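The values are calculated or read from the model by the stated rules, or taken from the named source; none is laboratory data. Bear in mind the structure is a predicted one, so any value in this text is a computation, not a measurement. Cβ coordinates were reconstructed from backbone atoms using ideal geometry, including for glycine residues, and neighbour counts include every protein chain displayed. The accessibility values were calculated without ligands, DNA or RNA, using every heavy atom of the protein model including side chains. Shrake-Rupley method; radii C 1.70, N 1.55, O 1.52, S 1.80 Å.
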Amino acid sequence: MPDLSALVDAARTSELFTAPRLETDLAVFLGDQGDRIRQLARRAAAGEFDHVFFVGSGGSWSNMYTGKYLVDRYTNLPADVLNSYDLVWRNPARLSARSLVFLASYSGATEDTLAALRHANAVGAHTVAIARRRPSPMAADAAEVVDYDSTALYILPLAAVTLFALTLARETEGPHRDEAEAALAQLPELPHMLGRAYREGEAAGLEQARRFLGSTAMTVLASGPLYGLGYKFALTVFMENIRVSGSIIEAAEFRHGPVEALERSRLDIVALLGTDESRPMTERSVRVARDSGARILAFDAADYPGLHPQLAPFVLLVPLQWFTVYSALLRGITDLDERVFMGHRVLATGRDATWP
């Protein structure tokens with residue numbers, strides 16, 4: 001196997017490993033796109049929209065989850081988060097010309113999300129594409145585009161919907177307004193926090209990857225604001241990039257069936273612990289699993305003092321990425337951006353769809 005340090009140096013330039021660039025790229029994004037996003041929130045606060053939909057597929061669904069979570073928590077505006085094709089197939093009755101629809105796609109050419117965008121356009125909804133590459137089919141078809149020149153395909157769309165939801169909360173003086181204001185005030189501090197997490201996280205990531213090198217299946221437990229991040233890593237990182245089986249279980253739901261697997265199986269559990277109201281339940285589920293022989297790998301927001309509970313997904317992404325990078329390299333996966341099926345026009349159909 002080639003020298004591990006050389007492989008890590010190469011990994012720092014990959015699309016998968018975004019942590020080395022997050023400090024700069026998040027600061028630039030908030031500066032470039034902040035006003036546009038805040039204006040959308042003000043339009044929503046003024047009553048222009050009666051429903052907001054957050055739409056994406058794969059990893060892009062995971063950051064859209066946070067949009068609904070925060071809008072629900074801090075405002076009275078009805079919201080949904082849907083997989084892209086689900087918007088088309090479900091065809092919600094509330095989807096109308098008074099709907100605001102955020103659609104995330106890193107490539108701007110995801111088959112599923114293009115279909116959702118065109119479906120929303122057909123009923124006159126105000127569509128907002130969050131995408132990297134421009135021009136792209138989504139950029140051409142959406143009413144508005146929030147774009148970014150970065151590989152940070154999780155953090156930057158996450159920042160967009162977080163800023164939208166928190167600004168909406170401030171403009172509407174909704175419930176928990178003080179809590180939302182505190183999170184909004186901390187957003188400009190996040191780039192530095194992400195940079196510090198990156199610089200300090202490498203050694204732990206290597207140790208964790210070595211400890212779980214023999215794992216062939218990873219079960220992620222997550223709740224509350226961390227559920228979307230858990231979904232991303234279970235289904236679109238561990239399976240896609242480490243090539244092991246992955247599953248996501250909401251931490252409270254672990255007690256409703258999945259726990260019985262402990263009687264005959266030794267589970268490898270990746271637990272995401274927040275500092276919000278869901279923490280005690282996640283700790284309970286982890287305790288039961290550990291006492292029954294499961295191996296636990298915990299990523300804990302409490303390790304980052306002062307971090308607002310609702311902003312935990314931003315920072316915990318970084319140690320999870322260090323773990324993933326070393327896990328892939330130690331397993332002989334040295335090209336972190338290589339895909340066997342995705343991006344080769346095996347899974348996507350349509351003239352302008354290039355992904356998955």
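List of remarks:
- Segment 132-191, residues that are over 19 Å from the mean Cα position of the chain (by Cα), closer than 24 Å to Ser84 by Cα and small (Gly, Ala, Ser): Ser136, Ala139, Ala140, Ala142, Ala143
- Within segment 201-211, the set of residues being farther than 16 Å from Leu4 by Cα and more than 22 Å from the chain's Cα centre (by Cα) comprises Arg211 only.
- Residue count, segment 221-244 (criterion: farther than 16 Å from Arg279 by Cβ and in contact with a Phe, Trp or Tyr (Cβ under 8 Å, 6 or more places away or on another chain)): 4
- Residue within segment 165-182 that is on the phi > 0 side of the Ramachandran plot and surrounded by fewer than 16 Cβ atoms within 10 Å (Cβ to Cβ) present: yes
- Search result, residues across segment 7-16 that are more than 10 Å from Thr334 (Cβ to Cβ), modelled with pLDDT of 90 or more and surrounded by fewer than 17 Cβ atoms within 10 Å (Cβ to Cβ): Asp9, Arg12, Thr13
- The residue that is nearest to Ile248 (Cα to Cα), among those in segment 283-305 that are in contact (Cβ under 8 Å) with a residue 40 or more places away in the chain and open to solvent by 50 Å² or more (accessible area, probe 1.4 Å), is Arg295.
- Matching residues in segment 183-200 - criterion: being out of contact with any His (no Cβ under 8 Å at 6 or more places or on another chain), surrounded by fewer than 19 Cβ atoms within 10 Å (Cβ to Cβ) and more than 19 Å from Gln39 (Cβ to Cβ): Ala185, Glu189, His192, Arg196, Arg199, Glu200
- Filtering segment 126-141 to residues that are free of Cβ contacts under 8 Å to residues at least 40 places away in the same chain, surrounded by fewer than 24 Cβ atoms within 10 Å (Cβ to Cβ) and not charged (D, E, K, R) leaves Pro135, Ser136, Ala139, Ala140.
- Filtered residues of segment 1-31 (kept if in contact (Cβ under 8 Å) with a residue 12 or more places away in the chain and acidic (Asp, Glu)): Glu15, Glu23, Asp25
- Segment 306-325: number of residues that are open to solvent by less than 10 Å² (accessible area, probe 1.4 Å) and under 29 Å from Ser5 (Cβ atoms): 10
- Evaluation of Glu144 against (1) within 19 Å of Asp50 (Cα to Cα); (2) without any contact (Cβ under 8 Å) to a residue 60 or more places away in the chain; (3) surrounded by fewer than 23 Cβ atoms within 10 Å (Cβ to Cβ) (one fails), failing number: (2)
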